């Protein structure tokens with residue numbers, strides 16, 4: 001087996017979608033339910049490192065990669081995990097459109113061996129569309145642990161398609177899958193799917209529409225039956241997609257509409273309606289899936305899931321679920337706070353050493369002082385500050401977060417919070433996207449694609465920045481350490497700092513719920529949609545992959561993106577700090593202008609100015625504040641918390657200032673990267689502007705409120 005690497009290719013969500021096709025070999029689609037190991041198989045075959053995780057909805061766009069077998073090139077397309085192809089969410093729409101209209105040479109449907117019955121629902125739906133189906137029964141090692149035996153040969157006979165057993169984590173077990181793919185593509189094996197047969201009257205009407213479609217349109221024979229089924233279902237979203245991709249007109253065709261009207265009239269006499277037709281079809285599929293599982297599966301231990309259920313009774317209980325969630329978050333943040341200090345100090349010292357040598361070199365080559373200061377004290381110092389501040393906590397936070405993800409705990413968080421979000425007319429899945437936002441709000445915004453309802457997805461996007469990202473944590477931690485835990489040291493001080501940061505996070509979650517409720521009653525009116533969230537089995541985390549994935553796929557990716565934005569930001573900040581009018585820098589002029597308004601918020605003009613100039617990256621807010629206070633023309637690089645505290649106190653900071661700064665750090669406009677991501681995801685500047693203005697107004701009002709209360713009682 002030869003492997004070659006390829007770049008990732010995303011499929012756009014619009015009517016002009018372009019599907020990846022392999023011009024020199026075969027194209028293989030990888031489909032399956034969420035959390036069945038599909039992306040792991042993709043990674044093993046292609047050598048790429050698509051981000052996999054033990055929770056539903058990880059893949060939200062099509063990823064492509066190449067592998068070769070017996071001198072044949074295969075383009076593998078990893079489509080989003082989906083429970084059905086009825087287009088309930090964006091990832092399901094991407095999956096459905098590729099399977100239906102991408103014309104892959106073969107479609108490999110990956111199923112979980114520990115819950116085969118549920119997974120066969122998707123297998124039968126895909127078999128309605130294409131004959132070239134291969135069923136890959138994955139996670140056989142998990143099935144063995146639970147004493148589940150599956151007769152793969154009998155399963156293949158009952159389905160009429162090739163069935164291959166695999167353990168995705170073991171590459172050798174994939175050889176048989178590759179060989180089967182090769183044989184199907186080369187017609188050495190010709191699948192003959194045994195499709196589900198519905199009620200006789202439904203089958204008759206499918207045949208009737210099928211015949212008419214053959215007369216009217218020149219489309220793939222495999223799609224005739226499926227399109228007929230969708231016409232009977234009258235699912236307008238799917239029908240419009242069919243019309244767009246196949247360039248045919250179904251809605252306005254007189255003969256088809258006449259047949260549909262006659263069928264609806266006939267159906268009405270036997271209590272088959274638009275509202276229950278899909279349930280009848282689904283029921284037929286599930287009955288067939290149950291029959292097959294009864295024939296091919298042997299459960300030696302019927303209580304194999306008892307351990308998971310006992311754990312879930314605690315982790316998802318109304319009494320302990322939320323406190324345990326807060327405890328886990330607190331532990332993660334505490335470890336991040338304690339562990340990041342020393343690496344940050346080392347990086348500050350290292351970059352300070354390099355900076356001194358760069359300044360000496362600039363002086364040696366007679367570089368103009370304004371140019372060397374701009375490049376070294378402006379751009380270089382900004383970049384190194386961000387690296388020193390961001391890298392250590394991210395390198396700790398992301399592995400810990402990925403550990404919970406790999407363990408299967410994240411869906412439990414969504415389950416625990418679903419009741420609160422439903423009361424606010426939004427989705428419990430929003431909590432998963434908020435957890436992603438702790439690392440990077442831009443990643444959280446992209447993760448909102450897992451939410452089915454467009455209205456709820458938009459609410460999640462608009463409120464994702466209410467939880468502080470990794471770039472805001474160092475500032476929160478520093479302020480909490482100085483002013484909240486200032487009289488404590490060591491372990492006690494770190495615990496108090498962690499509790500203070502947790503309070504800010506809980507405030508952000510609370511504000512998310514409040515604003516979501518307001519949005520659902522105003523510009524995004526609607527009722528909460530129901531959703532199915534699979535609670536995956538608890539699995540032993542793969543520590544090696546966790547470390548590699550969290551460092552390379554997350555930490556360095558987010559850091560690289562922040563650096564790209566921070567470089568020009570450092571240049572702009574240096575210019576504003578060193579160019580002025582009548583001897584006063586532009587930075588001071590802006591701060592003085594903002595000071596009256598900032599005072600109403602319990603802040604000062606320099607703090608507000610720092611937040612505005614920190615929009616490219618939240619990490620540079622504190623150094624800008626220190627630069628303004630010290631009157632320097634460049635960012636101040638202080639890694640001594642005590643020294644930072646002295647500077648802040650000398651410039652009028654009180655406990656009120658610290659509280660309001662922490663509030664505004666949590667509740668203010670997203671960074672540039674997140675705003676651009678929101679524009680890309682929503683496609684409209686209107687929603688980007690609202691995502692900017694909503695948290696900012698919340699932060700301003702809350703700071704003014706705390707200032708008002710403080711002035712009354714103190």
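The values are calculated or read from the model by the stated rules, or taken from the named source; none is laboratory data. Just so you know, these numbers come straight off a predicted model, no measurement behind them. Positions of Cβ are generated from backbone atoms using ideal geometry, with glycine treated the same way; all protein chains shown enter the neighbour counts.
If you take the residues in the stretch 222-247 that are out of contact with any helix residue (DSSP H, G or I) (no Cβ under 8 Å at 6 or more places or on another chain) and over 16 Å from residue 274 (Cβ atoms), which one is surrounded by the fewest Cβ atoms within 10 Å (Cβ to Cβ)?
Step by step, filter the stretch 222-247, then rank; the result is 247.
Could you tell me whether residue 223 is within 16 Å of residue 260 (Cα to Cα) and under 35 Å from the mean Cα position of the chain (by Cα)?
The answer is no for residue 223.
If we scan the stretch 501-511, do we find a residue that is assigned by TED's automatic domain parsing to the domain that holds residue 642 and not in a helix (DSSP H, G or I)?
No.
Could you please let me know if residue 573 is in a helix (DSSP H, G or I), in the same structural domain as residue 337 (by TED's automatic domain parsing) and either under 29 Å from residue 487 (Cβ atoms) or touching a strand residue (DSSP E or B) at 6+ places or on another chain (Cβ under 7 Å) (or both)?
It is false that residue 573 is in a helix (DSSP H, G or I), in the same structural domain as residue 337 (by TED's automatic domain parsing) and either under 29 Å from residue 487 (Cβ atoms) or touching a strand residue (DSSP E or B) at 6+ places or on another chain (Cβ under 7 Å) (or both).
Here are the criteria: (1) more than 29 Å from residue 345 (Cα to Cα); (2) surrounded by fewer than 24 Cβ atoms within 10 Å (Cβ to Cβ); (3) in contact with a helix residue (DSSP H, G or I) (Cβ under 6 Å, 6 or more places away or on another chain). Tell me which single one residue 678 does not satisfy.
(2)
If you take the residues of the stretch 632-651 that are closer than 18 Å to residue 587 by Cβ and modelled with pLDDT of 80 or more, which of them is farthest from the chain's Cα centre (by Cα)?
Applying the filter and picking the extreme gives 651.
Quick one: residue 310 ticks every box in (1) over 30 Å from the mean Cα position of the chain (by Cα); (2) loosely packed, with under 15 Cβ neighbours inside 10 Å bar one, so which box is it?
All conditions pass for residue 310, except number (1).
Of the residues 428, 444, 439, which single one is touching a helix residue (DSSP H, G or I) at 6+ places or on another chain (Cβ under 9 Å), at pLDDT 80 or above and either assigned by TED's automatic domain parsing to the domain that holds residue 333 or closer than 20 Å to residue 517 by Cβ (or both)?
444
Tally time: how many residues in the stretch 134-151 are crowded, with 23+ Cβ neighbours inside 10 Å and touching a residue at least 60 places away in the same chain (Cβ under 8 Å)?
Of the residues in the stretch 134-151, 3 are crowded, with 23+ Cβ neighbours inside 10 Å and touching a residue at least 60 places away in the same chain (Cβ under 8 Å).
Which one of 202, 259, 206 is touching a helix residue (DSSP H, G or I) at 6+ places or on another chain (Cβ under 8 Å) and closer than 24 Å to residue 132 by Cβ?
Going through 202, 259, 206 in turn, just one is touching a helix residue (DSSP H, G or I) at 6+ places or on another chain (Cβ under 8 Å) and closer than 24 Å to residue 132 by Cβ: 206.
Would you say residue 480 is in a helix (DSSP H, G or I) and buried (at least 24 other Cβ atoms within 10 Å of the Cβ)?
Answer is yes for this residue.
Scan the stretch 178-188 for residues that are in contact with a strand residue (DSSP E or B) (Cβ under 7 Å, 6 or more places away or on another chain) and surrounded by fewer than 23 Cβ atoms within 10 Å (Cβ to Cβ) and report the count.
4
Give me a count of the residues in the stretch 116-163 that are part of a helix (DSSP H, G or I) and more than 27 Å from residue 229 (Cα to Cα).
Within the stretch 116-163, residues that are part of a helix (DSSP H, G or I) and more than 27 Å from residue 229 (Cα to Cα) number 9.
Name every residue in the stretch 326-335 that is buried (at least 18 other Cβ atoms within 10 Å of the Cβ) and over 22 Å from the mean Cα position of the chain (by Cα), in order of residue number.
Result: 334, single match.
Would you confirm whether or not the stretch 587-597 contains a residue that is assigned by TED's automatic domain parsing to the domain that holds residue 341, under 35 Å from the mean Cα position of the chain (by Cα) and farther than 29 Å from residue 375 by Cβ? Spell out how you get there, then give the answer.
Here is the first cut: in the stretch 587-597, the ones assigned by TED's automatic domain parsing to the domain that holds residue 341 are 587-597.
Right, trim to under 35 Å from the mean Cα position of the chain (by Cα) and you get none.
Looking for residues that are assigned by TED's automatic domain parsing to the domain that holds residue 341, under 35 Å from the mean Cα position of the chain (by Cα) and farther than 29 Å from residue 375 by Cβ, one finds none in the stretch 587-597, hence no.
Looking at 342, 304 in this structure, which one is at pLDDT below 85 and under 21 Å from residue 642 (Cα atoms)?
On inspection, the qualifying residue turns out to be 342.
Residue by residue through the stretch 60-69, note down the ones that are modelled with pLDDT of 85 or more and either in contact with a helix residue (DSSP H, G or I) (Cβ under 6 Å, 6 or more places away or on another chain) or surrounded by 18 or more Cβ atoms within 10 Å (Cβ to Cβ) (or both).
Within the stretch 60-69, 65, 66, 67, 69 meet the criteria.
So which of 436, 459 ends up being free of Cβ contacts under 8 Å to residues at least 24 places away in the same chain and part of a helix (DSSP H, G or I)?
436
Please state which one of 449, 472, 455 is under 24 Å from residue 693 (Cβ atoms), surrounded by fewer than 22 Cβ atoms within 10 Å (Cβ to Cβ) and out of contact with any strand residue (DSSP E or B) (no Cβ under 8 Å at 6 or more places or on another chain).
When all the criteria are applied, what remains is 455.
Quick check on the stretch 418-433: of everything there that is assigned to a helix (DSSP H, G or I) and surrounded by 22 or more Cβ atoms within 10 Å (Cβ to Cβ), which residue is farthest from the chain's Cα centre (by Cα)?
First, pick out the residues of the stretch 418-433 that are assigned to a helix (DSSP H, G or I): 418-423, 430-433.
Remaining after also requiring surrounded by 22 or more Cβ atoms within 10 Å (Cβ to Cβ): 421, 430-433.
Values: 421: 18, 430: 10, 431: 11, 432: 8, 433: 6 Å.
Across the stretch 418-433, the extreme among qualifying residues is 421.
When you go through 586, 594, 608 one by one, which is the residue that is touching a strand residue (DSSP E or B) at 6+ places or on another chain (Cβ under 8 Å) and more than 23 Å from residue 486 (Cβ to Cβ)? Talk me through it step by step, then tell me what you get.
Working: 594 fails: touching a strand residue (DSSP E or B) at 6+ places or on another chain (Cβ under 8 Å); 608 fails: touching a strand residue (DSSP E or B) at 6+ places or on another chain (Cβ under 8 Å).
Sole residue among the options that is touching a strand residue (DSSP E or B) at 6+ places or on another chain (Cβ under 8 Å) and more than 23 Å from residue 486 (Cβ to Cβ): 586.
Kindly indicate whether any position in the stretch 157-165 is out of contact with any strand residue (DSSP E or B) (no Cβ under 8 Å at 6 or more places or on another chain), at pLDDT below 90 and surrounded by fewer than 17 Cβ atoms within 10 Å (Cβ to Cβ).
no
For the condition at pLDDT below 85, more than 20 Å from residue 650 (Cα to Cα) and assigned to a helix (DSSP H, G or I), what is the one hit in 493, 471?
So the residue among 493, 471 that is at pLDDT below 85, more than 20 Å from residue 650 (Cα to Cα) and assigned to a helix (DSSP H, G or I) is 493.
With at pLDDT below 90 and in contact with a helix residue (DSSP H, G or I) (Cβ under 6 Å, 6 or more places away or on another chain) as the only criterion, which of 672, 688 stands out?
Exactly one of 672, 688 is at pLDDT below 90 and in contact with a helix residue (DSSP H, G or I) (Cβ under 6 Å, 6 or more places away or on another chain), namely 672.
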